[in-house]
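The values are calculated or read from the model by the stated rules, or taken from the named source; none is laboratory data. Everything numeric here is computed off the predicted structure, so don't read it as measured data. Virtual Cβ from ideal backbone geometry, glycine too; neighbours counted across all protein chains shown.
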Amino acid sequence: MNLLLYSKPHLLCFPAGNLLNYFMEIPQILKKEPQTIPIKQKNKIPKKLITVLLILVGIIVFLSITTYVFAYLPAKKLANQITLTQNDAGKLKQSIADKDLVSAKNQLTIVQNDLNKISSNLNSLAYFNYLPVLKNYYQDTTKLIKIANNGVEIGNTVIKTVEPYQDFLGLKGSGVSGAKNTEDRIAFLTQSIESIIPHLDSIESKISEIDLTLAEIDINKYPETYQNYNIHQLYNQGRQVVADVKKLVTDGRPILTKSSWLLGKDKPRNYLIIFQNDGELRPSGGFWTAYATIKVDKGKVIPGPASNIYDLDDALSSTTPAPRIIKNYHINVPYLNLRDNNLSPDFPTDAQIFLDTFYKVSGKKTQYDAVIALDTNVLVDMVGVLGKLDTRVGTFTIDSDKRCDGCPKIIYDLEWISGRPRNYIEKNRKDFLAPLMSALLSNAMGAGKDYLPKLGQAFFTNVFEKHIMFYFPDADMQKAASMANISGNIIQTPPEVDYFHLNDANFASAKSNIFITQKIKHEITVSNGKIEHKVAITYTNPSKASNCNLEKGDLCLNAAKYRDLFRFYTPIGSKLIKMTGSEVEPVLYEELGKQVFEGFYGDKYPLYAQSSNKVTVQYTTSVTPSKNYNLLLQKQPGTKAIPYEIFLNGKQVESFSWTADKNIKLSL
């Protein structure tokens, strides 16, 4: 046997097929005359040993052939097909990005065929399902294929749903209809909105299947990283995306079924709109600066009366003593004015106060079906889509304006019109908002086909990021709005879900929030069955202070000193460990179903222009650790994108831009 191996050393390097051929030559070799094998008699190998060795060689050959034919070749073919599918999926993604419905439909068919081939190739490895260890990976692979198939089915359903509206949505390849402008298309949508609802059943069912299938995969049996990919993080992010989509479809269904109601299909709807100036940040999103009214009749938007907030306050002549927060942190405000009454981070609470006050001043000649809040981000995005906005008070654009360190020109122009120093009393200095609102609606409704998708995207992005919020006096409508998370309410979470909300209020610091940025580092530590949070917020004002000398006539935008009331909303039962950065002792109380930790800076230790301040809060939450730990981060309305980092036991696990409410899933 030794001679056998020495005579053909390439044997061990041969593929299984060559090895088999050589094995077949062994009997012929053994039949040769003994003298051809120069082995001394005393070293003769026993026949039993030769037999054992031959059996071992046979087993090796058999296993090699079996592995090559039934494992290596199918696995290689499967891997090649997966690579091809990934390429086709990339083309599908590009078709969706290009808003090319026809191409997306074709690519979905190609991807579906690819998945069928993968399933067929995977069936050739079905015996893995009966092998220890390997069966786990085989079963996970089949689950991923199932998830992909469900994803394709969802894609086909979505395409089927939007096909009748492709002209409305401005998709590529859509035909030319009789609808000339946005208003015509909204009227068309109003007439047919109910046809969308049945498709939601199929979509919701498939998403639920995907969510359940993902939950069946034990990610902990896989390495945390592989070839520069963080497998665990990608898996958790995937589960979070699926959960978010599922929640969006499930929770969004009730308000979608009310679309015809909102668009005034059965009868006209009256809406009261509040303008919030987020340059002066307040708890519900911004300083209440003005209001407007609109009527929506079968999709047609009709502007109504509008005025500034000071007219309402003058008519109200409030003698109501200012509440604790105003007394403690505002400057020289003895009474509670309507413009300062959005003190709650819960927009429905503030909106009902505004509506009650509005009725008190103006009477109930018109019953309003909803209160809608808009901030300046909405104006910027809408004008950005339209290119410019011509009104009787001037032309507005979003070009960069150096007078406010690069802020959109429309922001500076509006602040100049409403806030420039005057040597006379002008009660109606913010009445320009009525023609501005009218011009914006007129331009948006009259925009051509190409503008509608961009306007729609801008609208829904602003709703998602809480620059637009809705409150409905009708209980059923308000419940639907809350479920869809479009009402800016403080969300009530179950005991097993952790919660965090940061709320800031600018008290008497001009419009400094145009310039101020924030950055958050959130550290989570698990020890002795408890979860401890340490959240550090860095406030930075990079710009020079404005010259706020009224006699000089400059526009006072950036205050030299910024005064900030900050509040942290956490689950009931949370315990404060330490707070830094507050010049007052922390105030602790329960509000809106949350434990609140309140602080303030601005008198002794303000945020100066061209400097930074840091605030930290350290506390233990009442939520207990679990493998399915969920943390809801609820964003304050009216705020900019905030860079946010999350660390778990000293290791960074998340880094993102905080623009909207976000769920964080971790295994603790």
Residues of segment 280-295 that turn out to be surrounded by fewer than 21 Cβ atoms within 10 Å (Cβ to Cβ) and in contact with a Lys or Arg (Cβ under 8 Å, 6 or more places away or on another chain), as a count:
1
Residue check, Lys627 surrounded by fewer than 17 Cβ atoms within 10 Å (Cβ to Cβ) and either on the phi > 0 side of the Ramachandran plot or free of Cβ contacts under 8 Å to residues at least 60 places away in the same chain (or both)
yes
Would you check if Ala315 is modelled with pLDDT of 95 or more and among the aliphatic types (A, V, I, L, M)?
no
Residue in segment 194-208 that is aliphatic (A, V, I, L, M), part of a helix (DSSP H, G or I), modelled with pLDDT of 80 or more and surrounded by fewer than 17 Cβ atoms within 10 Å (Cβ to Cβ) present:
no
Answer yes or no: is there a residue in segment 550-566 that is within 30 Å of Asn649 (Cβ to Cβ) and surrounded by fewer than 17 Cβ atoms within 10 Å (Cβ to Cβ).
no
Selection status of Val361, modelled with pLDDT under 95 and under 24 Å from Arg282 (Cβ atoms):
yes
Filter pass, Asn513 being surrounded by 16 or more Cβ atoms within 10 Å (Cβ to Cβ) and of a type in the set (S, T, N, Q)
yes
Before we move on, is Lys466 in a loop (DSSP other than H, G, I, E, B), assigned by TED's automatic domain parsing to the domain that holds Gly406 and touching a Gly at 6+ places or on another chain (Cβ under 9 Å)?
yes
Number of positions in segment 558-595 that are under 31 Å from the mean Cα position of the chain (by Cα), closer than 24 Å to Thr540 by Cα and of a type outside the set (Ser, Thr, Tyr):
10
Would you pick out the residues in segment 650-662 that are touching a strand residue (DSSP E or B) at 6+ places or on another chain (Cβ under 6 Å) and part of a loop (DSSP other than H, G, I, E, B)?
Asp661
As an exercise: evaluate Pro637 against (1) surrounded by 15 or more Cβ atoms within 10 Å (Cβ to Cβ); (2) within 19 Å of Met579 (Cα to Cα); (3) not basic (Lys, Arg) and give the number of the one condition it does not meet.
(2)
Residue within segment 104-114 that is assigned to a helix (DSSP H, G or I), of a type in the set (Lys, Arg), at pLDDT below 75 and under 39 Å from the mean Cα position of the chain (by Cα) present:
no
Note: among Phe600, Phe647, just one is modelled with pLDDT of 95 or more, farther than 19 Å from Ile491 by Cα and in contact with a helix residue (DSSP H, G or I) (Cβ under 8 Å, 6 or more places away or on another chain), namely Phe600
